[in-house]
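Have a look at this one before I ask anything.
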Amino acid sequence: MTITKLNNSELQALAGTSAYTIIGAGGDLNEWVNGYHAMLTEAGIGLPKEWYTFTGDQMNEVFGLTGDNRYDRTLTFLAFPLDGLDCGKLALFRLREGDKWFDDIVDNQNRRESEAR
């Protein structure tokens, strides 16, 4: 499975989606993808058609995050679109794993950023 490193324009475009997002994926990203594929298959959710990665530094730059609202610049994110997946089962899976929807991350960061001003 190919993991696409998003550029800043692509990351900005992702903000309008509820992509499933893992915050803080360290080490070999292929191991993360393989592990999630196994768990998603076991849960009967289906498999993502594509995977994306980006960094905390990109999040800070693209979404103008400052102060305590900033991510560590080296933090690694992994995300995948919801196309073709059982989203009802995925929503429960997400809660169990402690992961996020990307649009929620962006909305929450934007809200905190505006409150800090």
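Which Rg and Dmax, in Å, describe the Cα atoms of the chain?
14.2, 45
Among all the lysines, which ones have a C-alpha under 17 Å from residue 100's C-alpha, if same-chain residues fewer than 8 places away are not counted?
Reachable lysines: 89.
Here, each number is a calculation from the coordinates, and none is a lab measurement. Bear in mind that the values here come from a model prediction, so they are computed numbers and not experimental data.
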